[in-house]
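> Please read through the structure below; I'll follow up with questions.
The values are calculated or read from the model by the stated rules, or taken from the named source; none is laboratory data. Please read these numbers as outputs of a predicted model, since none were measured by experiment. Here the Cβ positions follow ideal geometry from the backbone for every residue, glycine too, while neighbour counts run over all protein chains shown. Protein only, heavy atoms only, side chains kept; ligands, DNA and RNA dropped before computing areas. Shrake-Rupley method; radii C 1.70, N 1.55, O 1.52, S 1.80 Å.
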Amino acid sequence: MKKEDIVLLDGAVGTSLWAKTENKVAVWRYNIENPEIVLELAREYVDAGAQIVLANTFGANRIAVQGSGYTVQEVVSSGVRLAKQAADGRAKVALSAGPLPLLLEPYGDLTEEECYEAFDEQISAGVAEGPDIITLQTFMDIEMMKIAVKAASRHNLPIFCMMTFTEVGKTMMGNSVEDCVEELKDLPVTAIGINCSLGPEKAVPVLRQFRQYTDLPLLFKPNAGMPIQGSAGATEYDIEAFVEGCMPALDCDVKYIGGCCGSNPDYIRALKKRIWG
Ligand SMILES: [Zn+2]
């Protein structure tokens with residue numbers, strides 16, 4: 001991948017929003033209860049150089065939202081609107097959906113139909129606001145990812161799929177990289193890869209496996225890495241170590257690169273500087 005063809009993503013939404021407020025609630029609530037911080041964070045990512053920003057819609061599915069007094073539709077549409085307002089044509093906006101907080105049968109009680117309906121509701125609500133991309137991320141169960149992709153595929157938008165892996169190179173549900181690629185190969189997936197779970201050094205070998213098993217464009221959005229003790233005793237992460245840890249991803253032909261939990265606009269700015277100077 002030539003450097004000019006690499007696309008810079010944003011960093012964490014959830015942990016970065018929590019850093020902006022004392023009122024640490026489920027982050028989708030901020031779309032309605034504190035939209036200023038949602039707008040501010042997305043603007044900071046665009047200013048840092050992110051070419052695609054995620055809307056704050058990751059966990060806004062009916063299972064999480066029910067009982068809150070809000071509808072999925074209002075939470076998700078507000079999230080996409082705020083991201084579009086922040087991007088203001090300077091970056092693309094991706095609707096974000098994460099896994100449902102329940103396990104599919106036979107490990108849990110969630111049926112395939114209930115799962116599809118929940119994703120269809122969340123994704124359709126977001127698509128109505130005109131995002132550029134649908135991003136499905138932090139999935140641990142490839143079966144649930146397939147259902148989400150099917151719900152996303154009703155809309156004529158690029159679909160980005162990211163699974164999250166443990167140190168042994170499998171998801172919590174035991175899916176290998178090879179399984180993930182194989183299970184998604186007949187579905188309309190635009191790009192595939194890894195997000196969250198591991199810092200860059202441990203995530204790169206997983207990315208390398210993706211390159212081995214697929215020709216699709218690759219996504220890489222690792223966690224910030226291990227926290228270090230800051231000089232004032234506060235928890236900090238080592239931005240330099242993160243950026244250097246990400247560099248081998250370029251040798252794996254990565255197309256889309258950014259950060260996940262613990263990363264913030266400073267990480268994205270540093271990544272931009274390191275890649276493009
Ligand atoms: Zn994360």
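> Stokes-Einstein at 10 °C, 1.306 mPa s, Kirkwood radius from Cα pairs: D for the range 24-154 in µm² s⁻¹? Let's see the in-between values first.
Details: Rh = 14.8 Å.
In µm²/s, the coefficient is 107.
> Considering only protein heavy atoms and a 1.4 Å probe, what is the carbon-and-sulfur percentage of the accessible area of the chain? Each step should come with its number before you reach the end.
Numbers: 6010 of 12320 Å².
Reported share for carbon and sulfur atoms: 49 percent.
> Would the range 109-177 count as rounded, prolate or oblate if I go by the C-alpha gyration tensor, calling it rounded below 1.5 in a/c and otherwise prolate when a/b exceeds b/c, oblate otherwise? Please report the intermediate quantities before stating the final value.
Numbers: a/c = 2.87, a/b = 1.56, b/c = 1.83.
Cα axes put the range 109-177 in the oblate bin.
> Would you list which lysines come within 21 Å of Lys20, measuring only between C-alpha atoms, while excluding same-chain residues fewer than 8 positions from it?
Lys84
> Let me ask something else about it. What list of ³J(HN,Hα) couplings, whole Hz, do you get for the range 99-111 from phi and the Karplus terms 6.51, -1.76, 1.60, once you set θ to phi - 60° and write x for glycine and proline?
Those phi angles translate into x, 6, x, 9, 9, 5, 4, x, 7, x, 9, 6, 8 Hz.
> Follow-up question, since we're still on this one. Seen from all sides and averaged, what is the projected area of the convex hull of the Cα atoms in the range 148-277, in nm²? Could you put the intermediate results ahead of the total?
Numbers: hull surface 35.6 nm².
Average projection, Cα convex hull of the range 148-277: 8.9 nm².
> Select from Ile133, Ile194, Ile239 the residue whose mean-square fluctuation is largest in a Gaussian network model of the chain (Cα-Cα springs shorter than 10 Å).
With Cα springs under 10 Å in the chain, the top fluctuation among Ile133, Ile194, Ile239 is at Ile239.
> Just list whichever of Lys24/Lys221; Lys150/Lys273; Lys2/Lys272 have alpha carbons separated by over 26 Å in the model shown.
Details: Lys24/Lys221 23 Å; Lys150/Lys273 37 Å; Lys2/Lys272 14 Å.
From the list (Lys24/Lys221; Lys150/Lys273; Lys2/Lys272), the Cα-Cα distance tops 26 Å for Lys150/Lys273.
> Once you place label points 7 Å from the Cα toward the Cβ at Leu102 and Val25, how far apart are they in nm?
In this crude label model, Leu102 to Val25 measures out at 2.3 nm.
> Would you list Ser176, Ser197 from the most to the least accessible area, probe 1.4 Å?
Values: Ser176 25, Ser197 50 Å².
Result, largest first: Ser197, Ser176.
> So, in nm, how far is label Lys273 from label Arg208 when the simple model puts each one 7 Å beyond its Cα toward the Cβ?
2.9
> Something else now. Calculate the spin-label point distance for Glu182 paired with Met247, positioning each point 7 Å from the Cα along the beta-carbon direction, and give it in nanometres.
Calculated label separation equals 3.6 nm.
> How large is ³J(HN,Hα) for each residue in the range 196-202, as worked out from phi by the Karplus curve 6.51 cos²θ - 1.76 cosθ + 1.60 (θ = phi - 60°), to whole Hz, x for Gly and Pro?
My calculation for the range 196-202 gives 6, 6, 10, x, x, 4, 7 Hz in order.
> Something else: For the range 72-86, take each phi angle, set θ = phi - 60°, evaluate the Karplus expression 6.51 cos²θ - 1.76 cosθ + 1.60, and give the result in whole Hz per residue in order, putting x for glycine and proline.
4, 4, 6, 5, 6, 5, 4, x, 5, 4, 5, 5, 5, 4, 5
> Rounded, prolate or oblate: which fits the chain, taking a ≥ b ≥ c as square roots of the Cα gyration tensor eigenvalues, rounded meaning a/c under 1.5, else prolate when a/b beats b/c?
Rounded, since a/c falls under 1.5.
> Could you report the chain's accessible area per residue, 1.4 Å probe, as an integer in Å²? Before the final figure, lay out the partial values.
Details: 12320 Å² over 277 residues.
Ligands and nucleic acids excluded, the result is 44 Å² per residue.
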